[in-house]
Amino acid sequence: MILAITSTGPSADSLVSEKFGRCSYFVLFNDQTKEIKSIVNSAESMEHGAGPKAAQLIINENAEAVITGAVGGNAEEALKRAGIKVIIGLKSNMKVSEAIDFYFKR
C-alpha cells in the first residue's frame, strides 16, 4: 500500500504538516518496497481550491491512505470518493517517520 503523509519537508526526518491542502510536501511510503518518495504540493500557494487540487495529487500517486493534521471538507470528499482512507489528528511535532510507525501500529 502507498501511504501519503503531509509534510513540511521532503524526507522521513521532516516534520508532519497539520494542513492537508497547504502542506509543502507529501511524503509517500510504500509498505511493500519500503521506498520513500516525496512530491511537492503544487496546490500549496493556490488562492482557492488547494484542498481538492492536493487531493488529486494523492489520487494520481495511487495512495490508499493519507495521514495529516486536518483536511477540508471538499478535499476529504474527493479522497473518500477515490477510496482513500483519511486519518486526521497528527501534530506538527511528529516526524514523518514517526507518523508512518503510528499508522502501522494502530
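We did not get these values from a lab; they are worked out from the coordinates using the rules stated. Nothing here was measured: the structure is a model prediction, and the numbers come from that model. Glycine also receives a Cβ, built like all others from the backbone with ideal geometry; neighbour counts cover every protein chain displayed.
Tabulated data
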{"read-out": "Gained length - residue 60 relative to residue 30, 0.36 nm times residue gap less alpha-carbon distance", "value": "9.3 nm"}
{"read-out": "Per-residue HN-Hα couplings for the range 38-55 [Karplus 6.51, -1.76, 1.60; θ = phi - 60°; Hz; x = Gly/Pro]", "value": "10, 10, 6, 7, 5, 7, 3, 9, 5, 5, 9, x, 5, x, x, 5, 5, 4"}
{"read-out": "Distance-filtered residues of the range 72-106 - backbone nitrogen under 18 Å, label point 7 angstrom along residue 39 Cα→Cβ", "value": "72, 75-87"}
{"read-out": "Between 0 and 90°, nearest 10: helix 96-105 axis offset from the chain longest Cα axis", "value": "80 degrees"}
{"read-out": "Cβ-based exposure ranking for 37, 95, in which fewest neighbours within 10 Å come first", "value": "37, 95"}
{"read-out": "Among [x] 14.7, 47; [y] 12.0, 37; [z] 13.9, 42, the entry that matches Rg and Dmax of the Cα atoms in Å as calculated here", "value": "[y]"}
{"read-out": "Radius of gyration and Dmax over the Cα atoms of the range 39-94, both given in Å", "value": "10.9, 30"}
{"read-out": "Given charges at Cβ of Lys, Arg, Asp, Glu: the range 18-106 dipole, positive-most of 93, 57, 45", "value": "93"}
{"read-out": "Relative contact order (%) - criterion: Cα under 8 Å, at least six apart; region: the chain", "value": "32 percent"}
{"read-out": "Proximal lysines to residue 91, defined as alpha-carbon separation beneath 18 angstrom and excluding residues fewer than eight positions away on the same chain", "value": "19, 105"}
